[in-house]
Amino acid sequence: MNSTQMNSQLTRLIEALGAGNSSTRLQAALTVGTHPDDPRLVETLVARCAIEPDFFVRDMLTWALTRFPAEDTVPRLLTELRSPVAQARSQSLHTLSKIGDKNAWPAITRSLLCDADDEVARSAWRAAVVLVPDGDKAGLAAELVTQLGRGDRTVQLSLSRALVALGPVIEPVLEDTVTSPDPAVRAHAAVTLRLLHDPDTGFDQAVDEAKRIVALGPERAQEIAC
């Protein structure tokens, strides 16, 4: 394929990625990922992630980005983490977690882990546990527990899963938090401890048990945690 043909194909794909029909956008993202031949499309894919309204298309955009070399995608995604657009930050974090390039770890900052937007924070938690070096797991656990008690069931489940994925390193910080004066924090810590010790326990079952523990007060909660 000569340069004129390549440029013509590039133009068609860029137009299709921004088409009004979601099926057209989905097919375009699939095409790009199936044949990741032109690194110039990385910019278009990343920019589209920030504004794409359809979940399935966003997922395909992420998949397409993972098909390109990390040296082409990761720097552009890291830039997007500073975007004022919440979806741009969350989708870039999600894509970084799928790429799994450990060099991206320093970019997972406290401000992202504590982002006011729940979707950004959830994406940051997932990316962090994928990218964190073993030596930084304890520090990450200490940071994540500051978010205990935050949000609705979906948000709390995401945080519990992220913490449990770090393994036994979370136990000391959770045992300290289970005596928090905040009953929501105390309950969430108890839920996460239960999931760590018994991964087969369902989240809702662990929540019910945590409510009973919290009702006993902080001192009794500490005894049970130990």
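Go through the residues of region 125-133 one by one and say whether even a single one is closer than 22 Å to residue 154 by Cα, in contact with an Asp or Glu (Cβ under 6 Å, 6 or more places away or on another chain), touching a residue at least 12 places away in the same chain (Cβ under 8 Å) and aliphatic (A, V, I, L, M).
Among the residues of region 125-133, not one is closer than 22 Å to residue 154 by Cα, in contact with an Asp or Glu (Cβ under 6 Å, 6 or more places away or on another chain), touching a residue at least 12 places away in the same chain (Cβ under 8 Å) and aliphatic (A, V, I, L, M), which makes the answer no.
Do we find a residue being over 15 Å from the mean Cα position of the chain (by Cα) and surrounded by fewer than 17 Cβ atoms within 10 Å (Cβ to Cβ) anywhere in region 85-101?
Yes, region 85-101 contains at least one residue that is over 15 Å from the mean Cα position of the chain (by Cα) and surrounded by fewer than 17 Cβ atoms within 10 Å (Cβ to Cβ).
If I ask for residues that are of a type outside the set (Gly, Ala, Ser) and touching a residue at least 12 places away in the same chain (Cβ under 8 Å), which ones from region 134-149 would you list?
Taking region 134-149 as the starting set, the residues that turn out to be of a type outside the set (Gly, Ala, Ser) are 134, 136-137, 140, 143-148.
Once the filter is applied, which keeps residues that are of a type outside the set (Gly, Ala, Ser) and touching a residue at least 12 places away in the same chain (Cβ under 8 Å), region 134-149 yields 136, 137, 140, 143, 144, 145, 146, 147, 148.
In region 30-41, is there at least one residue being surrounded by fewer than 21 Cβ atoms within 10 Å (Cβ to Cβ), closer than 28 Å to residue 117 by Cα, out of contact with any helix residue (DSSP H, G or I) (no Cβ under 8 Å at 6 or more places or on another chain) and hydroxyl-bearing (Ser, Thr, Tyr)?
Checked region 30-41: no residue is surrounded by fewer than 21 Cβ atoms within 10 Å (Cβ to Cβ), closer than 28 Å to residue 117 by Cα, out of contact with any helix residue (DSSP H, G or I) (no Cβ under 8 Å at 6 or more places or on another chain) and hydroxyl-bearing (Ser, Thr, Tyr).
Checking the condition under 30 Å from residue 194 (Cβ atoms), at pLDDT below 95 and not small (Gly, Ala, Ser), which residue from 131, 157, 112, 144 passes? Spell out the reasoning first.
Details: 131 fails: at pLDDT below 95; 112 fails: at pLDDT below 95; 144 fails: at pLDDT below 95.
Checking each option against the conditions leaves just 157.
Matching residues to (1) in a loop (DSSP other than H, G, I, E, B); (2) over 21 Å from residue 89 (Cα atoms):
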site: 10; (1), (2): no, yes
site: 27; (1), (2): no, yes
site: 30; (1), (2): no, yes
site: 38; (1), (2): yes, yes
site: 48; (1), (2): no, no
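Determine whether residue 19 is in contact (Cβ under 8 Å) with a residue 12 or more places away in the chain and in contact with a helix residue (DSSP H, G or I) (Cβ under 9 Å, 6 or more places away or on another chain).
The answer is no for residue 19.
For region 138-190: of the residues being among the aliphatic types (A, V, I, L, M) and more than 22 Å from residue 127 (Cβ to Cβ), which is surrounded by the fewest Cβ atoms within 10 Å (Cβ to Cβ)?
Residue satisfying both the conditions and the ranking: 184.
Considering only region 126-152, state which residues are closer than 20 Å to residue 186 by Cβ, touching a helix residue (DSSP H, G or I) at 6+ places or on another chain (Cβ under 8 Å) and part of a helix (DSSP H, G or I).
141, 142, 143, 144, 145, 147
So residue 34 passes all but one of these: (1) modelled with pLDDT of 95 or more; (2) within 22 Å of residue 83 (Cβ to Cβ); (3) not small (Gly, Ala, Ser). Which condition number does it fail?
All conditions pass for residue 34, except number (2).
So, in region 68-84, exactly how many residues are over 17 Å from the mean Cα position of the chain (by Cα) and small (Gly, Ala, Ser)?
Selection size over region 68-84: 1.
The values are calculated or read from the model by the stated rules, or taken from the named source; none is laboratory data. Keep in mind the model is a prediction, meaning the values are calculated, not measured. Please note: Cβ atoms are built from the backbone with ideal geometry, for glycine as well, and neighbour counts cover all protein chains shown.
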